[in-house]
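Please read the structure below before turning to the comments.
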Amino acid sequence: MLFIDSTLPTVAANLAVEEALLELAEQGNWDREYLRIWQAHEVFAVIGRGSKYSQEVNASACENAGISVFRRGSGGAAIVAGPGCLLYAVMLSLRLRPELQMVDVAHEFVMQQMVAALKPIAPQLTFAGTCDLVIDGRKVSGNSLRVRRDWLLYHGTLLLDMDLQDIDRYLNHPPREPEYRRHRNHHDFVANIGCSAEVASQRLQQQWQAEAGEVELPLAMTDELVMQKYTQDSWNKQR
């Protein structure tokens, strides 16, 4: 597995490059599983592929504060990220791992890997709900996936040392929630892991046995997706 530590200049580009790599892999023009990490250097929101923009984010608060809202290509509910949040993605071959075509198996597999990676620095970490990582019943990581014919993209957030009030400011209460949430508001539901991005990154790299190497990201395709999709209201606010 290839390790990619790469934060592109804009949030839109960081989202778009994952779609570009997935598309290249499906076309047969990329043949390596990878683990990628990137960091949030500004506050932003991302809603799921099927999310309703006005339902899941506090649109007026985001607009007044200049907080950008993006739509990703995978499912799940809205997230807010910002400084102190590490984002990761793994792209896995379904030819090598055909069992991961079953969504519940894919969630279980990746979440087990993430728990194993982070438990040495967060001993109380567990997997709860469909695809959450929690410490003492409080969510520290939200995740989602996209399954194609031959490849699986699985990505998520790791709250390390983020201002969690931003989640209350810019997200509405989700339209659906896991049973363990018990209708708690964001402030009472989320928590930070409490470690540095460097430590978390090292743990993920070791667990996934991902090796750093030379990689040429598809920046031209990424830029095209940014211009045609990830910066367009017709995509981000379509619902």
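The values are calculated or read from the model by the stated rules, or taken from the named source; none is laboratory data. Just so you know, these numbers come straight off a predicted model, no measurement behind them. Note that we place each Cβ from the backbone using ideal geometry, even for glycine, and neighbour counts take in every protein chain shown.
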Mind listing whichever residues of the stretch 77-94 are under 17 Å from Y170 (Cα atoms) and buried (at least 22 other Cβ atoms within 10 Å of the Cβ)? A78, I79, V80, A81, C85
Any chance A191 is aliphatic (A, V, I, L, M) and closer than 17 Å to R36 by Cα: no
Given (1) touching a strand residue (DSSP E or B) at 6+ places or on another chain (Cβ under 9 Å); (2) more than 22 Å from I193 (Cα to Cα), N64 misses just (1)
Where residues in the stretch 2-58 are assigned to a helix (DSSP H, G or I) and of a type in the set (D, E), which of them is modelled with the lowest pLDDT? E56
Could you check how many residues of the stretch 195-236 are exposed (fewer than 13 other Cβ atoms within 10 Å of the Cβ) and either in contact with a Pro (Cβ under 8 Å, 6 or more places away or on another chain) or more than 22 Å from R32 (Cβ to Cβ) (or both)? 5
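Counting only residues that are among the polar types (S, T, N, Q), give me the helices (runs of 4 or more DSSP H) lying completely in the stretch 153-227 with at least 1 of them. First the steps, then the outcome.
Details: elements: 165-170, 186-189, 197-208, 219-225.
Filter on the stretch 153-227 gives 165-170, 197-208, 219-225.
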Return yes when T222 is touching a residue at least 40 places away in the same chain (Cβ under 8 Å), under 21 Å from V103 (Cα atoms) and in contact with a helix residue (DSSP H, G or I) (Cβ under 7 Å, 6 or more places away or on another chain) and no when it is not. no
Only unsatisfied item for Q238, checking (1) in a loop (DSSP other than H, G, I, E, B); (2) of a type in the set (S, T, N, Q); (3) within 25 Å of L22 (Cβ to Cβ); (4) modelled with pLDDT of 95 or more, is (4)
How many of the residues making up the stretch 71-129 are closer than 21 Å to W38 by Cβ and assigned to a helix (DSSP H, G or I)? 6
Being touching a residue at least 12 places away in the same chain (Cβ under 8 Å) and surrounded by 14 or more Cβ atoms within 10 Å (Cβ to Cβ) is true for just one of E33, E42. Which residue is that? E33
Answer from Q113, Q165, Q124 - the residue that is loosely packed, with under 15 Cβ neighbours inside 10 Å and either over 29 Å from S68 (Cα atoms) or of a type in the set (V, I, T) (or both): Q124
Log entry, pairs with first residue in the stretch 53-76 being without any contact (Cβ under 8 Å) to a residue 12 or more places away in the chain, second being aromatic (F, W, Y) and assigned to a loop (DSSP other than H, G, I, E, B), beta carbons closer than 7 Å, six or more apart or on different chains, reads none
Odd one out for G142 among (1) farther than 19 Å from G82 by Cα; (2) surrounded by 14 or more Cβ atoms within 10 Å (Cβ to Cβ): (1)
